[in-house]
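Working notes, beginning with the structure itself.
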Amino acid sequence: MTQTALVPIADGSEEIEAVCIIDLLRRAGVEVTVASIHDYSTITASRQTRVTADALLKDCAHQPWDLIAVPGGMPGARNLSECGLLIERLKQQRDDGRLYAAICAAPELVLATHGLLEDRAATGHSEFRDGLPDQSRVGERVVVDQNCITSQGPGTALEFGLALIEQLCGRETRDTVASRMML
């Protein structure tokens, strides 16, 4: 059965992180849906790159996802944090034991702010760590704790994407994708 992933995006999302997540998951054969939280599909990312979503979040949020992976970036992470529908889906994902993930500012602004990191270690961008409830692993580039995966930022996006693949599809698929990318 094909694994599915939702990657929500907003104006101000970090383009390296978003595209890295999308690209790596698709290389692993995951069915990825990129969803804008806005009422329009083309967002302007943090460095003014335009990214067009596959769908609007309001039209696809209620289907089940094996993974929801949230990119960071500013003000994108703040915009995502203010999306009630996304937060509702992330809480359902956590409660159902399904995978959820965030990188850069998103672990603090999207996950921690809404209680999604309780009893979970996490990492994030060095400017967005103070609000992480468990500080024991903030120095790690990627942290996997239970069904939650977090990472630090654009410089760790490839490692983050590979960790998502490993958690979703297994070590063999992760290694195959990494090898084909010359990593």
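The values are calculated or read from the model by the stated rules, or taken from the named source; none is laboratory data. The shown structure was predicted, so the numbers you read here are calculated from the model rather than taken from an experiment. Every residue, glycine as well, gets a Cβ built from its backbone with ideal geometry; the counts of neighbours run over all protein chains shown. Keep in mind that these areas ignore ligands, DNA and RNA; they rest on the heavy atoms of the full protein, side chains included. Shrake-Rupley method; radii C 1.70, N 1.55, O 1.52, S 1.80 Å.
Scanning the range 1-25 for residues that are of a type outside the set (Ser, Thr, Tyr), surrounded by fewer than 19 Cβ atoms within 10 Å (Cβ to Cβ) and either under 14 Å from the mean Cα position of the chain (by Cα) or assigned to a strand (DSSP E or B) (or both) turns up just one, 23. When you check residue 57 against the structure, is it open to solvent by less than 10 Å² (accessible area, probe 1.4 Å) and more than 24 Å from residue 152 (Cβ to Cβ), yes or no? Yes.
Scoring residue 93 on the criteria (1) surrounded by fewer than 16 Cβ atoms within 10 Å (Cβ to Cβ); (2) out of contact with any helix residue (DSSP H, G or I) (no Cβ under 9 Å at 6 or more places or on another chain); (3) over 27 Å from residue 182 (Cα atoms) leaves a single failure, condition (1). In the range 40-99, the qualifying residues are those that are β-branched (Val, Ile, Thr) and more than 14 Å from the chain's Cα centre (by Cα), and the one that is nearest to residue 12 (Cα to Cα) is 44.
The residue pairs whose first member lies in the range 43-64 and is modelled with pLDDT of 95 or more, whose second member is open to solvent by 80 Å² or more (accessible area, probe 1.4 Å), and whose beta carbons are closer than 7 Å, counting only pairs six or more residues apart or on different chains, are 44/50; 56/39. When residue 183 is tested against (1) modelled with pLDDT of 95 or more; (2) closer than 22 Å to residue 28 by Cβ, only condition (1) is not met.
Within the range 113-128, can one find any residue that is surrounded by 22 or more Cβ atoms within 10 Å (Cβ to Cβ), more than 16 Å from residue 17 (Cα to Cα), without any contact (Cβ under 8 Å) to a residue 24 or more places away in the chain and not basic (Lys, Arg)? For the range 113-128, residues surrounded by 22 or more Cβ atoms within 10 Å (Cβ to Cβ), more than 16 Å from residue 17 (Cα to Cα), without any contact (Cβ under 8 Å) to a residue 24 or more places away in the chain and not basic (Lys, Arg): absent. State which residue pairs qualify: first residue under 16 Å from residue 13 (Cα atoms) and inside the range 139-164, second residue open to solvent by 50 Å² or more (accessible area, probe 1.4 Å) and not in a helix (DSSP H, G or I) in any location, beta carbons under 6 Å apart, and separation of 6 or more residues or different chains. That search, which allows pairs on different chains as well, returns 152/125; 152/141; 153/125; 156/141.
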